[in-house]
Amino acid sequence: MARIKRLERIVALTKELNDHPFQLFPFSYFCEKFTVAKSTLSEDVQTVRNGLSTYDLGIIETVAGASGGVRFIPYHSPEADNEFLWTLAKKLNDPSRLLPGGMIYMNDLLFDPQISFRLGEIIMQRTLELQPDYIMTVEAKGISLALATARAFNIPMVMARKEARITEGPAVSISYVSGSSKKIQTMSLPRKALPPKSKVLVVDDFMRAGGTARGMQELAEEVGAEVVGTYLFIASREPEKKIINEYASLMTLQGVDAETKAISIVPEML
């Protein structure tokens, strides 16, 4: 392979780090890949670090020692995240999004990769200290957000289903009470999906009373995993008393006026 120019090398280095958030690459990996000395690579890493930091696009972290290396951590300043969430809230508050029954249409936003990836990075930043091993959600609308969060952490996502699938092998099923409708529903998770003692962060798109979130918590605990947190895209302010106590959300639905079609969704800012 021909020796490439420094600018080309820096572009390739940035791309590979960005594609594998939190993965620690030994310096030797890039030295061999680009056929450069460690001192040269260190200069390249510093250039990438400075560029990403200047434009608030992420953090490059180096770890010293024999087992050390370099890794990329998705990051945006709290101010930038707050501005992003406010812009999104304005779109969600559009009266045309109100559906019959007081529901709010938001699939176009959650299924937009650019939006969901940024939301996943915000959730990751706000839950980093929990150090989850897996992200867990339930089919279907929360999948894009959960997968984006899993990518930001660079960990697997597991999905609970409303019905067990024979193609996924033996499963654990539970019955739970929906907090809003008070109906008894079922939820299943393949036994192979979550190893015992793994730490799980539950992520979902919307929560009213917390029945579904509580069901996921119980399902994870049933297979021997530990739920370290629950994070929602939007949590409704009402009812004030939820089935679960510990949770956080990116936004809060303060209320909906069906007559005027007024929607009030506000971000939870840092």
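The values are calculated or read from the model by the stated rules, or taken from the named source; none is laboratory data. Quick caveat: nothing in here was measured; it's all calculated off a predicted structure. Glycine also receives a Cβ, built like all others from the backbone with ideal geometry; neighbour counts cover every protein chain displayed. These area figures cover heavy atoms from the full protein model, side chains too; ligands, DNA and RNA do not enter into them. Shrake-Rupley method; radii C 1.70, N 1.55, O 1.52, S 1.80 Å.
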- For segment 254-270, name all the residues that are open to solvent by less than 50 Å² (accessible area, probe 1.4 Å) and closer than 22 Å to GLN125 by Cα. ILE265, VAL266, PRO267
- Task: Of the conditions (1) within 17 Å of SER249 (Cα to Cα); (2) in the same structural domain as ASN18 (by the TED database), ILE60 clears all except one; give me its number.
- Result: (1)
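Out of the residues in segment 87-102 meeting the condition of being in contact with a Leu (Cβ under 8 Å, 6 or more places away or on another chain) and open to solvent by less than 80 Å² (accessible area, probe 1.4 Å), tell me which one is farthest from ILE115 (Cα to Cα).
LEU92
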- Task: Out of ALA225, ALA148, ALA164, report the one residue that is over 25 Å from TYR105 (Cβ atoms), touching a residue at least 24 places away in the same chain (Cβ under 8 Å) and within 22 Å of the chain's Cα centre (by Cα).
- Result: ALA225
- Item | PHE84 surrounded by 19 or more Cβ atoms within 10 Å (Cβ to Cβ) and either modelled with pLDDT of 95 or more or in a helix (DSSP H, G or I) (or both) | no
- Query: If you go through segment 156-163 one residue at a time, do you hit one that is open to solvent by less than 20 Å² (accessible area, probe 1.4 Å), in contact with a Phe, Trp or Tyr (Cβ under 9 Å, 6 or more places away or on another chain) and at pLDDT 90 or above?
  - Reply: yes
- Within segment 11-63, can you find the residues that are touching a residue at least 24 places away in the same chain (Cβ under 8 Å), under 27 Å from MET124 (Cα atoms) and not in a helix (DSSP H, G or I)? HIS20, PRO21, PHE22, GLN23, LEU24, PHE25, PRO26, ASP56, GLY58, ILE60, VAL63
- Quick one: how many residues across segment 121-143 are open to solvent by less than 40 Å² (accessible area, probe 1.4 Å) and under 24 Å from VAL223 (Cβ atoms)? 9
- Mind listing whichever residues of segment 106-158 are under 21 Å from GLU268 (Cβ atoms), in a loop (DSSP other than H, G, I, E, B) and in contact with a strand residue (DSSP E or B) (Cβ under 8 Å, 6 or more places away or on another chain)? MET106, PRO132, LYS141, GLY142
- Query: If you go through segment 103-145, how many residues are small (Gly, Ala, Ser) and in contact (Cβ under 8 Å) with a residue 40 or more places away in the chain?
  - Reply: 1
- Item | Members of segment 49-81 found to be farther than 18 Å from PHE22 by Cβ, open to solvent by less than 80 Å² (accessible area, probe 1.4 Å) and of a type in the set (D, E, K, R), listed by number | ASP56, ASP81
- Query: Out of all the residues in segment 159-179, which are closer than 15 Å to VAL202 by Cβ, assigned to a loop (DSSP other than H, G, I, E, B) and in contact with an Asp or Glu (Cβ under 9 Å, 6 or more places away or on another chain)?
  - Reply: none
- Message: Given (1) surrounded by fewer than 17 Cβ atoms within 10 Å (Cβ to Cβ); (2) charged (D, E, K, R); (3) in a strand (DSSP E or B), identify the lone condition not met by LYS192.
- Response: (3)
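Out of the residues in segment 203-228 meeting the condition of being of a type in the set (Asp, Glu) and within 18 Å of ARG161 (Cβ to Cβ), tell me which one is most open to solvent (accessible area, probe 1.4 Å).
First, pick out the residues of segment 203-228 that are of a type in the set (Asp, Glu): 204-205, 218, 221-222, 226.
Remaining after also requiring within 18 Å of ARG161 (Cβ to Cβ): 204-205, 218, 221-222.
Numbers: ASP204: 13, ASP205: 14, GLU218: 66, GLU221: 95, GLU222: 116 Å².
So the residue we want is GLU222.
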